[in-house]
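S.K.: Here's a structure for you.
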Amino acid sequence: MVVGRVNGHEEAAGVATPEDALAHMLDWLRADENASAVWYLREDWPSPVTLIGRPAPGVVGETRRCAHLFRVRPGAVLYGSITARCGTELLLTEIEWLRLGAGMPCECCLVIGARHSRSWEGWTR
Ligand SMILES: [Zn+2]
């Protein structure tokens, strides 16, 4: 879900993935440079969701582009940046979102994630 204020009125859009959310926000920002937008997981979502993302090409060196884990709680509003399990903070506009199993996983996120969640089942190295 993304919500925002564009050209003075409220906009809201249901989105399925972080990429969709970001695409909406960037559209709004193009339409109105004063637009504000945030995105969040619906409060009625049954459980926290783990997202996988890495810094977009060009943001950091290739060797540092490992895939981090981001845990999003239902109802939590995301704006500006997001912090991975390992403590790495990335701007939402500078993240390339990945599917489970894609990319080189961040070792720290892996260790912390393995203790706390079942979402690691299926991660292949
Ligand atoms: Zn990490």
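The values are calculated or read from the model by the stated rules, or taken from the named source; none is laboratory data. Predicted, not measured: the structure shown is a model, and the values here were computed from it. So basically every Cβ, Gly included, is an ideal-geometry build from the backbone, and we count neighbours across all protein chains shown.
S.K.: When you check Ile112 against the structure, is it within 16 Å of the ligand (Cβ to nearest atom) and within 15 Å of the chain's Cα centre (by Cα), yes or no?
M.R.: Spelling it out, it is not the case that Ile112 is within 16 Å of the ligand (Cβ to nearest atom) and within 15 Å of the chain's Cα centre (by Cα).
S.K.: Continuing with the same structure: Within region 71-92, is even one residue closer than 28 Å to Val111 by Cα, surrounded by 17 or more Cβ atoms within 10 Å (Cβ to Cβ), of a type in the set (Phe, Trp, Tyr) and assigned by TED's automatic domain parsing to the domain that holds Cys106?
M.R.: no
S.K.: Evaluate the following for Gly53: is it at pLDDT 80 or above, within 19 Å of the chain's Cα centre (by Cα) and not assigned by TED's automatic domain parsing to the domain that holds Cys106?
M.R.: Spelling it out, it is not the case that Gly53 is at pLDDT 80 or above, within 19 Å of the chain's Cα centre (by Cα) and not assigned by TED's automatic domain parsing to the domain that holds Cys106.
S.K.: Continuing with this model, one more query. Filter region 36-73 for residues that are away from the ligand (no atom under 16 Å from the Cβ) and hydrophobic (A, V, I, L, M, F, W, C) and give the result.
M.R.: Once the filter is applied, which keeps residues that are away from the ligand (no atom under 16 Å from the Cβ) and hydrophobic (A, V, I, L, M, F, W, C), region 36-73 yields Ala37, Val38, Trp39, Leu41, Trp45, Val49.
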